[in-house]
1. Would you order Lys40, Lys78 from fewest to most other beta-carbon atoms within 10 Å of each residue's own beta-carbon?
2. Could you tell me how many degrees, from 0 to 90 and to the nearest 10, lie between the Cα long axis of helix 606-619 and the main elongation axis, the longest principal axis, of the Cα atoms of the chain?
3. For region 530-544, take each phi angle, set θ = phi - 60°, evaluate the Karplus expression 6.51 cos²θ - 1.76 cosθ + 1.60, and give the result in whole Hz per residue in order, putting x for glycine and proline.
4. Give me Ile337, Ile256, Ile498 sorted ascending by neighbouring Cβ count inside 10 Å, so fewest comes first.
5. Compute the helix-to-body angle for 581-590: its Cα long axis versus the longest principal axis of the chain, expressed 0 to 90° and rounded to tens.
6. Along the Cα→Cβ direction, 7 angstrom out, place labels at Ala607 and Thr547. What is the inter-label distance in nm?
7. Cβ under 15 Å from Ser356's Cβ, Ser356 left aside: what net charge do those residues give with Lys, Arg +1 and Asp, Glu -1?
8. Suppose only helical runs count, i.e. DSSP H with n ≥ 4. What mean residue ellipticity at 222 nm does that imply for the chain under -39500 (n - 2.57) per run, divided by all residues and rounded to the nearest 500 deg cm²/dmol?
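Every number here is computed from the coordinates shown, using simple stated rules; none is lab data. Everything numeric here is computed off the predicted structure, so don't read it as measured data. Backbone-built Cβ (ideal geometry, glycine too); neighbour counts: all protein chains shown.
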Amino acid sequence: MFHVKQLDFDVVVVGGGHAGCDAAHASARVGAKTALITLKMDGIGVMSCNPAIGGLGKGHLVREIDALDGLMGTVADKAGIQFRLLNRRKGPAVQGPRAQADRFVYRTEMLKQMTTLPGLSILVGEVVDFIMHLGRVTGLVLSDGSEITARSVVLTTGTFLRGLIHIGDKSFSGGRMGDNAANRLGDRMDSFGLQMGRLKTGTPPRLDGKTINWDVLESQPGDETPVMFSFLSNKPNLKQVSCGITHTNMKTHDIIRDNLSRSAMYGGHIEGVGPRYCPSIEDKVVRFSDKESHQIFLEPEGLGDHTIYPNGISTSLPQDVQEDYVRSIKGLENVRILQPGYAIEYDYVDPRALDSRLALNDVPGLFLAGQINGTTGYEEAAAQGVVAGVNAAKEAVGGDPVFFSRSNSYIGVMIDDLTTRGVSEPYRMFTSRAEFRLSLRADNADQRLTDIGIEAGLVKKSRAELFSDKMEHLEKGKSLLEGCVVSPKVLNQNFVKISEDGKQRSLYQVLSFPEVSVSDLEMIEPKLSSLNEETKTQLKNDALYATYVERQRHDAEILKRDEYRNIPSNFDYGLLEGLSNELKFKLRTVRPSNLAQAGRIEGMTPAALALILSKLNRQN
Ligand code: FAD
């Protein structure tokens, strides 16, 4: 073979999507000479689907990436054109920051971050083969014959491995619209003998905002006080905009129903499994046939761009049907479709072949991150990127691997879910997947992870210093609160109203009552007034959950002792008070034979397991 050029790196990351960027950046941050190789320079940081970052569960992941000094949070903050904290009215544990992003700014900012980090090179090319030595991956071959050697390789090829795009009964090869599929690399992956499968996902048509009748539509602004992703950001960088809201109607549903057989999905052209929780409009019309309408958010794709992303109507119907059903919707009667919606099928690797560093057990030197592992979503991809990137670097240049656990992070929950349970449909993060969700909050991601990042060498000095300052303030505040013990009478004299049970409490315990704030306690402990607002808010969040977190830890310890306690096959979950109907249903279906197995059921919590255990104890 003719070798055009030969290059050598510690780590090479294949793919410039969300997993690839955060993987390469993490690898270079810990000191490995790193290259990111991707198909197109302007493909770096591309959002293949909706122009939004975060949301429930996903927002937690972005905060965790940021706590480790990763890219996604700061880039999303720079590009955000509408910030909303989801579940604002619920407790901080289940609130999810979300931002709609200007696609162009997101890409530009990501490219800037990637090209300004010392030790990180960007190469453009198509990877088609691996260089192997004694069964270990030691480099890559590009389609032009160039060879790149590396001590570790991270593959983050997203939906590109043997990607097949479907629009109605038309199918063609592609990694996403406008990009070639990675077919040669897909074929090469077969030779490793890994368990692989097909998944699918879809996207809606893109609309020309200039042809939408905005005047008749409801509009949804962002939050008045935007909550940012990064612990380092304090306000949006770009002008903030509103979204439009419209709805499908019976006419829309009739058009879709009449043409179902022409949809790629319903016409039998697709074999891959799609995400159940992110159904296409065809799925919604069939599965929820009694619903007369479905909500659609009309989301601007950028400030200098009139493209609109209609969130909620992803489809694989033919283009003429897409035009008909879209134009049956209020405000969209004269809309022009700029790009049709489509579905895409692609190869993924069964993630049970990976260890918790995201390295393949049977192919030394090769790490996988992102959609290739059966996940869906930018945030899931970027979070895996950090894990694979840092660990590939540690393997290449030496140093302890970095592990994440279910009890310290959503990242740990995801890695454990993927590597132990595998996937049966595209995996996305939900808060219900985390059994320790009361302690894994978006607001305390830095308290949980920044020290781990500092220890691993992932966190730059300026962030480490800010974090240390923040922790000092928090510790000072907490010790002031804990050092002052008062009776309800003293509290009442100072206008702090809690139950009159005569119990002495520290001010930190008093702060755990939802209606009490740090400022309310300043009359009792005047030194509290010297704390800044950020510290006061964080102390409130920490105190609010302190009792639950302690109870959770206690439950987890007890359960650890009884993990292998048998559950009789006729155990009646229906009799357990305090267990949700959803969990009862799952337990009845799975019929776990012991508590350890019950604990692996999706959405299971330590509190629910404790209920089962206490019932078992009573039965014996
Ligand atoms: P990608 O972002 O796909 O990046 C892959 C990168 O690999 C690209 O830069 C590509 O150039 C590079 N590459 C591939 N092969 C090679 C090669 N051989 N050599 C060099 N470079 C290569 N997510 C959701 O959460 N919700 C949705 O509704 C949703 N809908 C989607 C609809 C569509 C049509 C698509 C395509 C994706 C959708 N996604 C959705 C998924 C989301 O886009 C991905 O989860 C996310 O982008 C995955 O990130 P990644 O880094 O793993 O891969």
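1. On the way: Lys40 14, Lys78 21.
Lowest to highest Cβ neighbour count: Lys40, Lys78.
2. Tilt of helix 606-619: around 70 degrees.
3. 7, 6, 7, 4, 4, 5, 4, 5, 5, 4, 4, 4, 5, 5, 3
4. Working: Ile337 19, Ile256 26, Ile498 16.
Ordered by Cβ neighbours within 10 Å, fewest first: Ile498, Ile337, Ile256.
5. It works out to around 60 degrees.
6. 1.2
7. Numbers: positive: Arg352, Arg357, Lys394, Arg406, Arg421; negative: Asp355, Glu395, Asp400, Asp416, Asp417.
Overall, the nearby charge balance is 0.
8. On the way: 18 runs with 205 residues, N = 620.
Computed mean residue ellipticity for the chain: -10000 deg cm²/dmol.
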